Amino acid sequence: MDHLLRRPRRLRHHSTIRSLVRETSLVPADFIMPLFICHGKEIRMPIGSMPGVSRLSVDVAVQECRELWELGVPAVILFGIPDHKDATGSEGYDDNGIIQQAVRAIKEALPQLIVITDVCLCEYTDHGHCGVIVNGDVDNDTTVELLVREAVSHARAGADMVAPSDMMDGRVGAIREGLDGNGFSHLPLMSYAVKYCSAFYGPFRDAADSTPQFGDRKTYQMDPANAREAMVEAALDVEEGADILMVKPAMPYLDIISQLRENFSLPLAAYHVSGEYAMIKAAGQNGWLDADAAMTEALLSIKRAGADIILSYYAKEFAQNFRQYS
Ligand code: PBG
């Protein structure tokens, strides 16, 4: 054994050598922090299934954004919890809706922070589906018209980027056209291009009270069994004008992230979703694993697979730990 030529352990003995040869790194600048915004004042209402995550009123959200910015997290994505839900999700495209109010307040306080808005109707509809129901299913083209109104309304409020998450066909192109026609041709669009119909959204639906009241989302979100279809969805969104592509969820779909990385040159985002976050937090609370180490490992795997940007509820904690240990 004296003359074993290849000994990979040579590069593992010293921690500084390990860091010299490290291939992937995570920094706060990689992250987008999702925030749930509700009506009212001075509200920080914890979400049971997402330890450490709360619904925030606009004033508290501004404070939270200030802390995130100071910690080096460059962007937030906002989800609205409306006062009023109806069949067509009208608070979603109301210029005075909860998200529009939040965008105005956050941008006024922190002009440098990037404020992205999630464009979808499921938080605003009384039936919990992502669009308008016609004959028992979400009607694609009627829904797209409302999504365009929602995106333009977010842009008017001052959003820096819009992110449609509804999975209607043709919505990226329609939103692009709507933005361009209203003086927002400079505004980037991050498309939830590859969004699977996933059980890992459970805690989010608790938080946003957006569980479908009947049926499921299988007629619009993708079948978890499909990989080639992800390439079709991504190619369509590129053609329609998307600036950033997203894969969601992240960890169960690392193969898809890596395939998108190989096949497309646009920046790639991945959403480490509520259920992925909740699993690790719950195991940590039970003492079954070290949640911070497991979370960092999970997020690193997403970056290693090829994501440039990670949407994660852990962004703030990551940035806090990063500051403490580096
Ligand atoms: C809205 C939307 C959802 C998520 C992001 N945007 C929920 C859904 O599709 O049911 C889920 C995010 C998460 O689970 O963290 N359509």
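Every number here is computed from the coordinates shown, using simple stated rules; none is lab data. Computed from a predicted model, the values in this text were never measured in an experiment. Here Cβ is always computed from backbone atoms with ideal geometry, including for glycine, and neighbour counts include all displayed protein chains.
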Segment 166-288: C-alpha gyration tensor shape, a/c 1.5 cut-off, then a/b vs b/c: prolate
Would you list, by chain and number, the lysines whose Cα falls below 25 Å from the Cα of residue 107, excluding same-chain residues fewer than 8 positions away? 41, 316
Compute a Gaussian network model of the chain, connecting alpha carbons closer than 10 Å, and tell me which residue from 280, 17, 99 fluctuates the most. 17
Per residue of segment 213-226, what does 6.51 cos²θ - 1.76 cosθ + 1.60 with θ = phi - 60° give for ³J(HN,Hα)? Whole Hz please, x for Gly and Pro, Karplus curve as stated. 6, 8, x, 9, 9, 5, 7, 10, 7, 7, 6, x, 7, 9
Using the alpha-carbon atoms, what tilt in degrees (0 to 90, nearest 10) does helix 291-305 show relative to the longest principal axis of the chain? 80 degrees
Local net charge near residue 62, Cβ-Cβ under 11 Å (Lys/Arg +1, Asp/Glu -1): -1
Using packing as a proxy for protection, rank 134-145, 266-277 so that the peptide with the highest average count of other Cβ atoms within 10 Å comes first. 266-277, 134-145
Starting from a Cα-only point model with no solvent, please compute log10 I(q)/I(0) by Debye for the chain at q = 0.08, 0.09 1/Å. -0.36, -0.46
Principal-axis tilt of helix 228-239 within the chain, Cα atoms, nearest 10 degrees: 60 degrees
Explain nothing, just the number: dipole magnitude of segment 1-101 about its Cα centre with +1 on each Lys and Arg Cβ and -1 on each Asp and Glu Cβ, in debye rounded to the nearest 20. 1200 debye
Can you give me the Rg/Rh ratio for segment 1-127, using Cα atoms for both radii and the Kirkwood formula for Rh? 1.26
Within segment 246-289, what residues put their amide N at less than 12 Å from the label point 7 Å along the Cα-to-Cβ vector of residue 297? 289
Förster radius 41 Å - calculated FRET efficiency between residue 11 and residue 279 (Cβ-Cβ, nearest 0.05): 0.80
Cα convex hull volume per residue for segment 140-210, in Å³, equals 104 Å³
Residue 308 versus residue 226: modelled label distance in nm, points set 7 Å from Cα along the beta carbon direction: 2.7 nm
Top mean-square fluctuation among 30, 166, 290, Gaussian network model of the chain, C-alpha springs under 10 Å? 290
Rounded to 10°, Cα long-axis angle of helix 315-325 versus longest principal axis of the chain: 30 degrees
Would you kindly give the portion of the calculated P(r) for segment 238-310 that falls above 14 Å, as a percent of all Cα pairs? 59 percent
So for the chain: antiparallel DSSP bridges make up what percent, rounded to the nearest 5? 15 percent
Listed residue (143, 196, 39) projecting farthest to the positive dipole end of the chain, Cβ model: 196
